[in-house]
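Q: Sharing a structure, written as structure tokens. Questions coming.
Nothing in this text is a laboratory measurement; each read-out follows from the coordinates by a stated rule. Here the structure is a predicted model, which means the values were calculated and not measured. Neighbour counts are summed over all protein chains in view; Cβ atoms, including those assigned to glycine, are modelled from backbone coordinates with ideal geometry.
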């Protein structure tokens, strides 16, 4: 709150600190920005649920929701209304107080991260000095909520789901924090805006292409974030085929919505952090940090760039969920403790050495970054080529088998 | 004024949580009250402009210690039974202990020369000054603490290893596969 007020004073020359009723202004600004963030998070979570179901439908060769509104766009509104009107069941043997309060912790931990997530050059609720550390720490509330919910349900499925989830989140928090530490080393700042300002608009000025170590650190971050968000291939806590629905088995009505709301909003959070830390955030090419707040056009352009990058990552995460099988628990723990944790330590040491040997601003640094970028770009191009290749084979087979064209071209929804 | 009100709210929150940790009959409620107490402390740090300390408190105590406590509690049986989870033994001894601790803390707080105000200078990013202090003035204590932590880690691994205890027989049951079955 204090940060926000300072921010307002610095950027808009509003003098509120000296006044008697300063706290009232702080309070109003804080509540207003909280409501804006809540609105954004809920809209995103709803639309993400719709997009996810449509993509799942396509991958599984079925249609998906397409009845409510144009192309089924309002399906999430209908689902939300239905779930809100359902009875809020509390199991007989459950611990009523903890059972009721647990979803709020999950929700608070999720929405708390939006405080420091920037959307544009000066569109951020609070530019904290310790922003990225705050994001890592506030997830603790989610873990507490999941454990309490799992225990209070008094059901073995919930209990197992809660314990699995807590074990998973606590373990994967370590490689996640260590891979973000690489970025903190590179930028010399813990604030989210500071990290973005240290990068550039062009792809080879992003931290992901700084060195091969930073490139690996990005993937360590991405895998750990998938595991933290309980996404497939790490969805053991809510494995449908084993645990019914894991820690939210006994929840119904609105409390159930809250759990799933947090899950889909988490899609945005994990992708946005990846974009902030590794993919250049809202930086516009050929425009310096000082100029990036100069006009509304540039700010909106930065906002659009940030949104496009984040949504692209969101789509990748959704596709991963519907293509990969689930890991076994010991495989998941092995991956974390035997590969990701040592790997992230190697990344930190490698990045440090690289920073000492090669200056960021020097010519050779730029050339090496361009080389890393070119390598990564070729990987991406090959990936897209392989996907297209597989798609063509499927299309030809379909035509041979049925005598018809495949049911719709890939760019159009049915 | 608003600062004072918020401080007293946070202090009340902390004390209420701490009291509930001690007085609750159910150990899971004790753990939950500990969470309330920790969050109160976080708010107090934040009010004192110690942002790094507030967040370190959150990540260490709520994310680390409290989750471990909850884990340990949930893996034990009959936790809702107060007589087995929160037994009270030797009330006289505990009264003496509490009295000694209270008197000691009370006089320390009264006698300590508290620095009332940090002065009027502008407070910069707190992480910078913490990092500088840790790597210059307090380098030796910092290194000793990190060695101590490392010793603790290795000690925990040595104690948890099964191979040392049962050298004979089937040692293939590694810790991970066993964990896999129990979770």
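Q: Shielding of B:65-72 by partners, i.e. mean partner chain Cβ atoms within 10 Å per residue?
A: Across the residues of B:65-72, the mean count of other-chain Cβ atoms within 10 Å is 4.
Q: Calculated FRET efficiency, residue B:65 and residue A:361, Cβ-Cβ r, R0 45 Å, to nearest 0.05?
A: 0.55
Q: Among A:347, A:336, rank each residue by its count of other Cβ atoms within 10 Å, from fewest to most, as a rough exposure measure.
A: Taking fewest neighbouring Cβ atoms as first place, the list is A:336, A:347.
Q: If a paramagnetic tag sat 7 Å from the Cα of residue B:126 along the Cα-Cβ line, which residues of the stretch B:43-72 would have the backbone N under 18 Å from that point?
A: Taking a point 7 Å out along Cα→Cβ of residue B:126, the residues of the stretch B:43-72 whose backbone N falls under 18 Å are B:43-63.
Q: Now, a different point. In peptide A:135-147, what is the residue-averaged number of other protein chain Cβ atoms found within 10 Å of each Cβ?
A: Whole-number average of other-chain Cβ neighbours for A:135-147 is 5.
Q: Using a 10 angstrom cutoff on alpha carbons, build the Gaussian network for chain A and name the most mobile of A:278, A:377, A:44.
A: The residue that fluctuates most here is A:377.
Q: Using only C-alpha atoms and all pairs of different ones, pull out the Kirkwood radius for the stretch B:1-82 in Å with one decimal.
A: Hydrodynamic radius (Kirkwood, Cα pairs) of the stretch B:1-82 is 13.4 Å.
Q: Still on this structure, please answer the following. Restricting attention to the alpha-carbon atoms of the protein assembly as shown, what are Rg (one decimal) and Dmax (integer), both in Å?
A: Computed over the Cα atoms of the protein assembly as shown, radius of gyration and Dmax are 26.2, 92 Å.
Q: OK, next. Mind giving me the FRET efficiency for residue A:352 and residue A:27? R0 is 35 Å, r the Cβ-Cβ distance, nearest 0.05 is fine.
A: 0.20
Q: Let me ask something else about it. Per residue of B:25-36, what is the mean number of Cβ atoms on other protein chains within 10 angstrom of that residue's Cβ?
A: The mean count of partner-chain Cβ atoms within 10 Å per residue comes to 2.
Q: GNM on chain A, C-alpha springs below 10 Å: top fluctuator among A:46, A:229, A:375?
A: Fluctuation is largest for A:375.
Q: If you take the Cα atoms of the stretch B:125-167, find Rg, then find the Kirkwood Rh from the mean of 1/r over all pairs, what is Rg/Rh?
A: Rg divided by Rh gives 1.33.
Q: What order, most packed first, do the peptides A:89-96, A:302-309, B:154-161 have when packing is the mean number of other Cβ atoms within 10 Å of each residue?
A: My ranking of the peptides, most packed first, is A:302-309, A:89-96, B:154-161.
Q: Roughly how far apart, in whole Å, are the Cα centres of the stretch A:262-310 and the stretch B:1-49?
A: Here the two parts' Cα centres lie 37 Å apart.
Q: What FRET efficiency would be calculated for the residue pair residue A:61, residue A:81, taking the C-beta separation as r and a Förster radius of 22 Å, to the nearest 0.05?
A: So the FRET efficiency works out to roughly 0.15.
Q: Fewest Cβ neighbours within 10 Å first, please rank A:26, A:383 accordingly.
A: With the fewest neighbours first, A:26, A:383 line up as A:383, A:26.
Q: If contacts are Cα pairs under 8 angstrom and at least 6 residues apart, what is the relative contact order of chain A in percent?
A: Dividing the mean separation by the residue count of chain A yields 19 percent.
Q: Please report, to one decimal in angstroms, the Kirkwood hydrodynamic radius of the stretch A:80-355 built from all distinct Cα-Cα pairs.
A: Across the stretch A:80-355, the inverse of the average 1/r is 19.5 Å.
Q: Tell me what the protein assembly as shown gives for mean residue ellipticity at 222 nm when only DSSP H runs of n ≥ 4 count, each as -39,500 (n - 2.57), the sum divided by the residue total, rounded to 500 deg cm²/dmol.
A: When only DSSP H runs of four or more count, the value is -22500 deg cm²/dmol.
Q: With a 10 Å Cβ neighbour count serving as the proxy for reagent exposure, in which order, fewest first, do A:173, A:87 appear?
A: Going from sparsest to densest Cβ surroundings: A:87, A:173.
Q: What's the percent breakdown of Cα-Cα distances in the stretch A:231-380 across 5 Å bins, shortest bin first?
A: So the P(r) values, bin by bin, are 2, 7, 9, 13, 17, 16, 13, 9, 7, 5, 2, 0.
Q: Another one. Enter the Cα centre distance for the pair the stretch A:176-209 and the stretch B:132-146, rounded to the nearest angstrom.
A: If you average the Cα positions of each part, the centres end up 26 Å apart.
Q: Right, next: In angstroms, what radius of gyration and Dmax does the stretch A:115-241 have, counting Cα atoms only?
A: 17.0, 53
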